[in-house]
Amino acid sequence: MGLSPKQLLLPFLLFGFFITLFALLTSFQLGPESNRQFELTLTEIGESKISTNIKPATFSESAFDFVLYTDHYDYNNDTLEKVFIYDERSHEQPIVILADRGHIIKKNSNDVQTIWLHLINGDLYRHAQTQNQIQFEEYQSKLIEKKLNPVNREKSSNSWTIHDLIELVANYEFQYLAIHEWHKRFAISLATLV
């Protein structure tokens, strides 16, 4: 007298059923929520590392809407040495700035980030009808002021929860993509039953 194949199969089917339920919960709710948090964290990190466009001994045009050159840039402290700036934000009066040192200062208040460039010991040249030279010990200029709101970042398809998928299936524009995502998640979850 032994166990019949049905009696042996029942615990495995029950275990597979619970694993499939857990996989469905993970792929439709827990996974997308975790992925969304990961996306928001990446966005915050990207916004806090704006100064990574600055490279030492290279003319950086895309940094802050002007050309910036520095002999040395410390990424940890956001300090610059031997700085050259050609600022053409005001087309009528472009400015050339030479400085011994500088700092990039980031200030966050509420949901706004302001980035300032603080320069020490240098000369400022203004080109209007005549050329003006101004020596300074300290010079500060606002580079960027922008809203920090990573929550407004659009969700990727991996971040759609079951509620999002139901809404998107009804939306004709995203219907194909939502149905594809729906089927993919069901297939992965039901594969654990096999």
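The values are calculated or read from the model by the stated rules, or taken from the named source; none is laboratory data. Every value quoted in this text rests on a predicted model; they were computed, and no experiment measured them. Counting neighbours? That spans all protein chains shown, and the Cβs are built from the backbone with ideal geometry, glycine included. Only protein heavy atoms, including side chains, enter the accessible area calculation; ligands, DNA and RNA are left aside. Shrake-Rupley method; radii C 1.70, N 1.55, O 1.52, S 1.80 Å.
Hey, any idea what % of the chain's accessible area is carbon plus sulfur with a 1.4 Å probe?
The value for the chain is 58 percent carbon and sulfur by accessible area.
Quick one: check the C-alpha center-to-center distance for segment 117-194 versus segment 6-36, whole angstrom.
What the calculation gives is 34 Å, centre to centre.
For the pairs Lys82/Lys107; Lys147/Lys184; Lys146/Lys184; Lys55/Lys147, flag any whose C-alpha to C-alpha distance is greater than 32 Å.
The pairs that break the limit, which is 32 Å between Cα atoms, are Lys147/Lys184; Lys146/Lys184.
Percentage of Cα-Cα pair distances in the chain greater than 31 Å, rounded to whole percent?
That tail contains 50 percent of the Cα-Cα pairs.
Would you list the membrane-span-like helices of the chain, meaning whole DSSP H runs whose alpha-carbon atoms span at least 27 Å along their axis and whose mean Kyte-Doolittle value is at least -1.0?
5-25
In nm², what is the average projected area of the convex hull enclosing the Cα atoms of segment 70-132?
Over all viewing directions, segment 70-132 projects a mean Cα-hull area of 5.4 nm².
Just want the answer: with Cβ charges of +1 for Lys and Arg and -1 for Asp and Glu, which residue in His180, Pro11, Val83 is farthest toward the dipole's positive end in the chain?
Projecting each Cα onto the dipole axis, the largest value belongs to Pro11.
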